[in-house]
Amino acid sequence: MDNVTEWGPRPASVVLVAVAGVLMAVGFIALQGDVPGQVLTGLAAVGLFVFAAGSWRARPRLALTPEGLVHRGWFYTRTLRPADIGSIRITEFRRLGRRARLLEIDTTTDTLLVFSRWDLGGDPLDVLDALTDDQRNAMLAAVP
C-alpha cells in the first residue's frame, strides 16, 4: 500500500467560507434600493464563493507520495521530484501583533511555491518537519 501524506485546507473551514458567501448573498437581496451596498455585498458573495470553490478544488494542496511532492493548484497538478526541489524553508514574520509562518518551496525551475496555514490546514512548521524528515530518509535509502 502506498504511503501518502496530504496537507490542504480543512473541509469545515472551506464550508464556513461558502456559508459566509450565502450570508453575503442574503445581504445582497436584503439591500434592495441601496445600490452601493448591493454592489459591495454582491462582490463579497461572489468572491467568497469563488474562493471556497477554488480551495475545495485544490484539496489537497500538497501531498507527499512515492512519486514525489505533488502540488495542486486551482487549475493544475504538478509533481516535484526530489531533483526538482531546490530548498524548503519557513519564512516567519510578525503581522498585526501575531506571528505568521509561510512554507516556501523553491524549485530548480526558479518557481517559488508559498503555502500559508490556510493552504496546509495546519502549522507550516509541522509540514516542514515531515518533508525534511522524508527527504532525509530518501537520501539515506539511496546511499549504498
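The values are calculated or read from the model by the stated rules, or taken from the named source; none is laboratory data. None of these values were measured; they are calculated from a predicted model. Cβ placement follows ideal geometry from the backbone for every residue including glycine, while neighbour counts extend to all protein chains displayed. Remember, those area values only see protein heavy atoms, side chains included, never the ligands or the DNA or RNA. Shrake-Rupley method; radii C 1.70, N 1.55, O 1.52, S 1.80 Å.
If you scan segment 70-100, which residues turn out to be in contact with a helix residue (DSSP H, G or I) (Cβ under 7 Å, 6 or more places away or on another chain) and of a type in the set (A, V, I, L, M)? Lay out the reasoning, then the answer.
Restricting attention to segment 70-100, the residues satisfying the condition of being in contact with a helix residue (DSSP H, G or I) (Cβ under 7 Å, 6 or more places away or on another chain) are 74, 82, 88, 90.
Within segment 70-100, Ile88, Ile90 meet the criteria.
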Among the residues of segment 115-124, are any at pLDDT 85 or above, closer than 30 Å to Leu16 by Cβ and part of a strand (DSSP E or B)?
yes
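Going through segment 107-117 one residue at a time, which ones are surrounded by 15 or more Cβ atoms within 10 Å (Cβ to Cβ) and either touching a Pro at 6+ places or on another chain (Cβ under 8 Å) or under 20 Å from Gly54 (Cβ atoms) (or both)?
Residues satisfying the conditions are Leu113, Phe115, Arg117.
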Please enumerate the residues belonging to segment 9-20 that are in contact (Cβ under 8 Å) with a residue 40 or more places away in the chain and either open to solvent by less than 70 Å² (accessible area, probe 1.4 Å) or not in a loop (DSSP other than H, G, I, E, B) (or both).
Pro9, Pro11, Ser13, Val14
Would you call Glu6 in contact with a strand residue (DSSP E or B) (Cβ under 6 Å, 6 or more places away or on another chain), part of a strand (DSSP E or B), in contact (Cβ under 8 Å) with a residue 40 or more places away in the chain and open to solvent by 80 Å² or more (accessible area, probe 1.4 Å)?
yes
Identify, from the list Arg101, Arg81, Arg89, the residue that is in contact with a strand residue (DSSP E or B) (Cβ under 6 Å, 6 or more places away or on another chain), among the basic types (Lys, Arg) and closer than 16 Å to Thr5 by Cα.
Arg81
So the check is Cβ under 7 Å with 6+ separation or different chains; which pairs have a first residue in segment 75-97 that's among the small types (Gly, Ala, Ser) and a second one that's surrounded by 13 or more Cβ atoms within 10 Å (Cβ to Cβ) and assigned to a strand (DSSP E or B)?
Gly86/Asp106; Gly86/Thr107; Ser87/Asp106
Quick check: anything in segment 40-54 out of contact with any Lys or Arg (no Cβ under 6 Å at 6 or more places or on another chain), under 30 Å from Thr109 (Cβ atoms) and not aliphatic (A, V, I, L, M)?
yes
Take residues that are open to solvent by less than 80 Å² (accessible area, probe 1.4 Å) and of a type in the set (Val, Ile, Thr) and tell me which of the strands (runs of 3 or more DSSP E) falling wholly in segment 21-106 contain 2 or more.
85-95
